[in-house]
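These notes are about the structure you will find just below.
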Amino acid sequence: MKRIFVLGLFITTTFFVSAQKAENIINAKEVERIERVISSDDMRGRKTFSPEIDKAADFIADEFKKAGLQTFNGANGYKQDFAMVSPKFLSGSATFDNDQVDFKNVVVITCQPVFNINEKSGYEKVKIEAGKSFQSEVMKYVRSGKNYFVLVDTSYSKNFSRLTGLKRAMFKMDNSVVFALTTTDPKTFTVESRHDITEQKLANVVGILPGKSKKDEYVIFSGHYDHLGIGKALDGDSIYNGANDDAAGTTAVIMLAKYFKALGNNERTIVFAGFTAEEVGGFGSQYFSRQFDPAKVVAMFNIEMIGTESKWGKNSAYITGYEKTDMGAIMQKNLEGTGFTFYPDPYATQNLFYRSDNATLARLGVPAHTISTSKMDSEPNYHKVSDHIETLDMENMTMIIKSIALASRSIVAGKDTPSRVKVDELR
């Protein structure tokens, strides 16, 4: 039955390869080889900021190179390097119109160890008025790349102290932003602060296949390659291998890169991304998303935990946020007659649409969805040391990867364009 299904899945005149060649490109032996390396004990759980996560990144980059991908934006390599900083507050003082200000009403977001400004320093003065979305307004100024002195209406008093949470882990930035909770609009001001700045480097792994006729339209295939590292030993095992979470998704991205390179007929540019730091806040996908104009991203297929059977059994998976765009319907149409089904997310109460690396671009309107089979109400090895390759079904996982390849064909070919996520409907 499996053999019949594979042939049925890939016999299509829209591809310029035979069913046999397609089957040879995405096959269980190769899937297992890649999965076994990424989830091996040698990777020691691929914890963010560990030497082993760098080792995993090197392996993924090497696979991208072997597949014949180009680097993103002409970079020297496939690693997309960036840095996270953690500014630890040491001291601070401020005056408004020569009056001393309680510094609990001032938050300085900066990467400068010694910070000292006044009204002549060129900081643009703006105000967050009552009734605005506080979080959105804050992030607008922090991510602007410009220096701001932001007056915050006192109606946000209960939320103001939460701004210090931005310092726990933030992208390295050249600009600085001062937030001041105040009822006044000071004509003169001074703000001084000192921070102990800790910087840690991270890297996504990114490769591309340039499109033929629609190079400026992007289709993204992604998965995160980090996991939890080493923990307390259980029955002699202390390594959180993360075979399903998410070595499985990363393996799928690598296999899809090999597949689409072999096809060589993508009209839109395809981006293949392995994200870091998903488990500690999704920083890899957040940084990656900032490199794109969201209006040019046509679709994002984020792949997470596809190594086990879904609640419906084999030849099936689900799509988070299925109802938010028509991407799922397009994918299912491309699978007609194959026997494979993409279902809507059955775990809606768990908000999975917002809990993976698709979320950043989805919040910007991109039809960005996560594909998974994980039974989130009963997955026995989720975030446990028992998440080993031996618990995965390589044949079914291979079939899922092939189905993603086929389901995405009309989008990659530029024939179908999924509807956008309605941003005003997002929480």
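The values are calculated or read from the model by the stated rules, or taken from the named source; none is laboratory data. Only a predicted model underlies this, so the values are computations on that prediction, with no experimental measurement involved. Note: ideal-geometry Cβ built from the backbone for every residue, glycine included; neighbour counts use all protein chains shown.
Among the residues that make up segment 353-369, is at least one of them among the acidic types (Asp, Glu), part of a loop (DSSP other than H, G, I, E, B) and within 21 Å of the chain's Cα centre (by Cα)?
Yes, the conditions are met somewhere in segment 353-369.
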With the condition kept exactly as written, say whether any residue in segment 2-22 is at pLDDT 95 or above, outside any loop (DSSP other than H, G, I, E, B) and not acidic (Asp, Glu). no
Flag for Val31 being out of contact with any strand residue (DSSP E or B) (no Cβ under 9 Å at 6 or more places or on another chain) and under 19 Å from Tyr240 (Cα atoms): no
Going by the structure shown, is Asn241 in contact with a helix residue (DSSP H, G or I) (Cβ under 9 Å, 6 or more places away or on another chain) and either without any contact (Cβ under 8 Å) to a residue 24 or more places away in the chain or surrounded by 23 or more Cβ atoms within 10 Å (Cβ to Cβ) (or both)? yes
Please identify the pairs in which a residue from segment 44-57 that is touching a residue at least 12 places away in the same chain (Cβ under 8 Å) and farther than 12 Å from Leu202 by Cα has its Cβ atom under 8 Å from the Cβ atom of a residue that is part of a loop (DSSP other than H, G, I, E, B) and of a type in the set (A, V, I, L, M), counting only partners at least 6 apart or on another chain. Gly45/Leu228
Hand me the list of strands (runs of 3 or more DSSP E) wholly inside segment 140-238 holding 3 or more residues that are surrounded by 16 or more Cβ atoms within 10 Å (Cβ to Cβ) and assigned by TED's automatic domain parsing to the domain that holds Ile411. 189-209, 214-224
Name the residues in segment 282-320 that are aromatic (Phe, Trp, Tyr), surrounded by fewer than 24 Cβ atoms within 10 Å (Cβ to Cβ) and free of Cβ contacts under 8 Å to residues at least 60 places away in the same chain, would you? Trp312
If I ask for residues that are in a loop (DSSP other than H, G, I, E, B) and surrounded by fewer than 17 Cβ atoms within 10 Å (Cβ to Cβ), which ones from segment 330-346 would you list? Glu336, Gly337, Gly339, Pro346
Every residue from segment 56-107 that is part of a helix (DSSP H, G or I) and among the small types (Gly, Ala, Ser): Ala56, Ala57, Ala61, Ala67, Gly74
Asp185 is checked against (1) in contact with a Ser or Thr (Cβ under 7 Å, 6 or more places away or on another chain); (2) under 30 Å from Phe149 (Cα atoms) and fails just one. What number does that condition carry? (1)
Residue pairs within 7 Å by beta carbon, gap of at least six or interchain, first lying in segment 363-374 and more than 9 Å from Met300 (Cβ to Cβ) and in the same structural domain as Asn315 (by TED's automatic domain parsing), second at pLDDT 95 or above and aromatic (Phe, Trp, Tyr), listed first then second, are Ile371/Phe301; Ser372/Tyr318; Ser374/Tyr382
Against the definition (surrounded by fewer than 16 Cβ atoms within 10 Å (Cβ to Cβ) and either farther than 29 Å from Ile25 by Cβ or in contact with a strand residue (DSSP E or B) (Cβ under 7 Å, 6 or more places away or on another chain) (or both)), how does Ser419 come out, yes or no? yes
Set Glu323, Glu379: member being part of a loop (DSSP other than H, G, I, E, B), touching a residue at least 12 places away in the same chain (Cβ under 8 Å) and either aromatic (Phe, Trp, Tyr) or farther than 27 Å from Leu209 by Cα (or both): Glu379
Name the residues in segment 23-49 that are surrounded by 17 or more Cβ atoms within 10 Å (Cβ to Cβ) and not in a helix (DSSP H, G or I), would you? Ile26, Asn27, Ser39, Ser40, Arg44, Gly45, Arg46, Lys47, Thr48
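Residue-wise test of (1) closer than 29 Å to Ala277 by Cβ; (2) modelled with pLDDT under 95.
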residue	(1), (2)
Val297	yes, no
Ser310	yes, no
Gly321	yes, no
Ile330	no, no
Leu335	no, no
Pro346	yes, no
Asn351	yes, yes
Asn358	yes, no
Ala362	yes, no
Go through (1) small (Gly, Ala, Ser); (2) surrounded by fewer than 20 Cβ atoms within 10 Å (Cβ to Cβ); (3) under 20 Å from Phe260 (Cβ atoms) one by one and return the number of the condition Ala61 breaks. (2)
